[in-house]
């Protein structure tokens, strides 16, 4: 699965300020509805909504090697959750690995990320209803523009 990255700094700031958030021992997750999802849907070859993902590891996590390890763990945990459970589409998701993420295994990061995604309301309960479950999410859209 290809990741669509968040590339603009203002989208990170919006997600931090007004997105739904959940914090665990290894990750912090910020989620908000993506206003560009309809445009990205038209550009996507499969003509379906996509999530834009941003992984932000600060210097508090550690040196470059530790930050890259944390980002790799988070990326793999996200892929695993999306393939097993499914994640609702059309959202900006910012995942911030925390310091403990560099010292733990993939299973712990996976559990924490899955719990945070389910708490924010974008984790699908079953993998069978992926297509029709993209619209019913309790996250409020951003109204600051």
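Tell me which residues, restricted to the range 69-92, are touching a helix residue (DSSP H, G or I) at 6+ places or on another chain (Cβ under 8 Å) and not in a loop (DSSP other than H, G, I, E, B).
The answer is 69, 70, 73, 74, 76, 77, 78, 80, 81, 87, 91, 92.
Pick out the one residue from 5, 20, 28 that is in contact with a strand residue (DSSP E or B) (Cβ under 6 Å, 6 or more places away or on another chain), closer than 12 Å to residue 91 by Cα and in contact (Cβ under 8 Å) with a residue 12 or more places away in the chain.
Answer to the check: 20.
For every residue, the table says whether it meets (1) free of Cβ contacts under 8 Å to residues at least 60 places away in the same chain; (2) under 13 Å from residue 5 (Cα atoms); (3) buried (at least 21 other Cβ atoms within 10 Å of the Cβ).
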position: 44; (1), (2), (3): yes, no, no
position: 52; (1), (2), (3): yes, yes, yes
position: 56; (1), (2), (3): yes, yes, no
position: 65; (1), (2), (3): yes, no, no
position: 69; (1), (2), (3): yes, no, no
position: 75; (1), (2), (3): no, yes, no
position: 85; (1), (2), (3): yes, no, no
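Being at pLDDT 90 or above, touching a strand residue (DSSP E or B) at 6+ places or on another chain (Cβ under 6 Å) and part of a loop (DSSP other than H, G, I, E, B), is that true of even one residue in the range 95-117?
Scanning the range 95-117, I find no residue that is at pLDDT 90 or above, touching a strand residue (DSSP E or B) at 6+ places or on another chain (Cβ under 6 Å) and part of a loop (DSSP other than H, G, I, E, B), so the answer is no.
The values are calculated or read from the model by the stated rules, or taken from the named source; none is laboratory data. It should be emphasised that the depicted structure is a prediction, and the values quoted were computed from it without experimental measurement. Neighbour counts run over all protein chains shown; Cβ positions are idealised from the backbone, glycine included.
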